[in-house]
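Data block below; observations after.
The values are calculated or read from the model by the stated rules, or taken from the named source; none is laboratory data. Only a predicted model underlies this, so the values are computations on that prediction, with no experimental measurement involved. In this analysis, Cβ positions are derived from the backbone assuming ideal geometry, glycine residues included, and neighbour counts consider all displayed protein chains.
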Amino acid sequence: MDSKPQATATAVRCWIEGRRVWLELSDQRMVSFPAVKYPLLANASPEELAKGTLRIQGRALRWESLDEDIWVDDAVAGRFPKPPHATAN
């Protein structure tokens, strides 16, 4: 994972329902995002998707078998990767 300033959102729990990743945050908010927002998660099997874990004191999500890392703060703020076909403005 790249170095990044400390995130403001931290998760205490994560789980998968259907094709959505759910997070329970330390401030008791519940947020979710569709797996399709991340290319590696979009193509993951349900079994692979279910293997996401919290890392770095709840500031990051990790899928070891997919080699995917997601900052909780980015997911909460809706900062998702741009699709490969997106062009810069």
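If you take the residues in the range 73-89 that are under 15 Å from Leu41 (Cα atoms) and out of contact with any Phe, Trp or Tyr (no Cβ under 8 Å at 6 or more places or on another chain), which one is modelled with the highest pLDDT? Reasoning before the result, please.
Residues of the range 73-89 that are under 15 Å from Leu41 (Cα atoms), as a first pass: 75, 80-84.
Filter again for out of contact with any Phe, Trp or Tyr (no Cβ under 8 Å at 6 or more places or on another chain), leaving 82-84.
On the way: Lys82: 81, Pro83: 71, Pro84: 67.
Looking at the filtered set, the residue picked out is Lys82.
Within the range 22-54, which residues are assigned to a helix (DSSP H, G or I) and among the charged types (D, E, K, R)?
Lys37, Glu47, Glu48, listed by residue number.
Could you tell me which numbered condition Thr8 fails, if it satisfies all but one of (1) modelled with pLDDT under 95; (2) β-branched (Val, Ile, Thr); (3) part of a strand (DSSP E or B)?
(3)
If I filter the range 64-85 for residues that are part of a strand (DSSP E or B), within 21 Å of Thr10 (Cβ to Cβ) and over 13 Å from the mean Cα position of the chain (by Cα), do I get at least one hit? Write out each step before concluding.
Restricting attention to the range 64-85, the residues satisfying the condition of being part of a strand (DSSP E or B) are 68-71.
This time we only want the ones that are within 21 Å of Thr10 (Cβ to Cβ), so: 68-71.
Of the ones still in play, those that are also over 13 Å from the mean Cα position of the chain (by Cα) are none.
The answer is no; no qualifying residue exists.
Let's see how each residue does on (1) touching a residue at least 60 places away in the same chain (Cβ under 8 Å); (2) touching a Lys or Arg at 6+ places or on another chain (Cβ under 9 Å):
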residue: Val36; (1), (2): no, yes
residue: Pro39; (1), (2): no, no
residue: Ala42; (1), (2): no, yes
residue: Glu47; (1), (2): no, no
residue: Ala50; (1), (2): no, no
residue: Thr53; (1), (2): no, yes
residue: Leu61; (1), (2): no, yes
residue: Ala77; (1), (2): yes, no
residue: Pro81; (1), (2): no, yes
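Taking Gln57 as meeting all but one of (1) surrounded by fewer than 16 Cβ atoms within 10 Å (Cβ to Cβ); (2) of a type outside the set (Asp, Glu); (3) part of a helix (DSSP H, G or I), write down the number of the exception.
Tallying (1) surrounded by fewer than 16 Cβ atoms within 10 Å (Cβ to Cβ); (2) of a type outside the set (Asp, Glu); (3) part of a helix (DSSP H, G or I), Gln57 fails exactly one: (3).
Considering only residues of the range 27-38 that are surrounded by 13 or more Cβ atoms within 10 Å (Cβ to Cβ) and out of contact with any helix residue (DSSP H, G or I) (no Cβ under 6 Å at 6 or more places or on another chain), which is nearest to Trp63 (Cα to Cα)?
Tyr38
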